[in-house]
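So the structure is just underneath, and the comments pick up after that.
The values are calculated or read from the model by the stated rules, or taken from the named source; none is laboratory data. These numbers were taken from a predicted model, which means no experiment stands behind them. Don't worry about glycine lacking a Cβ; one is built from the backbone with ideal geometry, like all the others, and counts go over all protein chains shown. Please note that ligands, DNA and RNA were not included when accessible areas were found on the heavy atoms of the full protein model with its side chains. Shrake-Rupley method; radii C 1.70, N 1.55, O 1.52, S 1.80 Å.
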Amino acid sequence: MTTKIIIIDDHQLFREGVKRILDFEKTFEVVAEGDDGTEAISLVEEHQPDVVLMDINMPTINGVEATRQLVERYPSTKVIILSIHDDESYVQHALKTGATGYLLKEMDADALIEAVKVVADGGSYLHPKVTHNLVKEYRRLAVEAAGVSSGYLQQVEIRRPLHLLTRRECEVLQLLADGKSNRGIGEALFISEKTVKNHVSNILQKMNVNDRTQAVVEAIKNGWVEVR
């Protein structure tokens, strides 16, 4: 099945670069492009896309407000925010308004394609760097709630889920929590990106989660990864 996509960004060169990457995927079809939030709403009404790639900073109506309106009017359309901001406050605000993905504009082509596929299939996708920042914020809040020193969490024993995952998959899961991309994981473990993708797919299946973000959150809750 074809995934219909709309790109909304007020920088034409960036839009063209994103479209060029998406055009490599035979199952993707970019059906329209726009440069502000107002145009995004009219284009979604006209084309009924599966996924909207939405810049967060735009004139007239910004990406977050446009996302809120789109989700209310067209709940079947999924929105991935495109941003230069990796601060957790931006991410949380975007997710609260209904976005199901958040990508930094420094993303590579593989991350863009993977994000669209995951979100189109009903999952959520956060840029690896964003995931790492959220992990650090989670640790800060946990320390604050427990009323303990930051060194306490570093002393907590990590219980690798060897009952569920292989040793290599545990290593990959830890690197996901560290905010590594597939390429970064491959470089750290001296394996190919294709092998990394296979490990990530196995981890998601075994943990019964839809995407890598959910896998990291569950791993933190269960004490399976270090928060560093």
Exercise. For segment 1-129, which whole percent of the accessible surface, found with a 1.4 angstrom probe, sits on carbon and sulfur atoms?
Worked result: 49
For this session: Take a quick pass over the chain and tell me how many lysine pairs come in under 13 angstrom between Cα atoms, counting only ones 8 or more apart or on separate chains.
Result: 9
For this session: Go through [x] 0.96; [y] 1.00; [z] 1.16 and flag the label whose value is the computed Rg/Rh (Cα atoms, Kirkwood Rh) for this structure.
Result: [y]
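Between residue 76 and residue 163, what length in nm is gained on full extension when 0.36 nm per residue of separation is reduced by their alpha carbon distance?
Numbers: separation 87, 0.36 × 87 = 31.32 nm, distance 3.74 nm.
Net length gain for the segment: 27.6 nm.
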Exercise. Relative contact order of the chain: what whole-number percent is it, with Cα pairs under 8 angstrom and at least 6 residues apart?
Worked result: 14
Problem set entry | Where the chain is the region considered: accessible area per residue in Å², 1.4 Å probe | 51
Problem set entry | Share of carbon and sulfur in the accessible heavy-atom surface of segment 158-228 [1.4 Å probe, %] | 46
Problem set entry | Assigned charges on the beta-carbon of Lys, Arg, Asp, Glu; the chain dipole about Cα centre (debye) | 1140
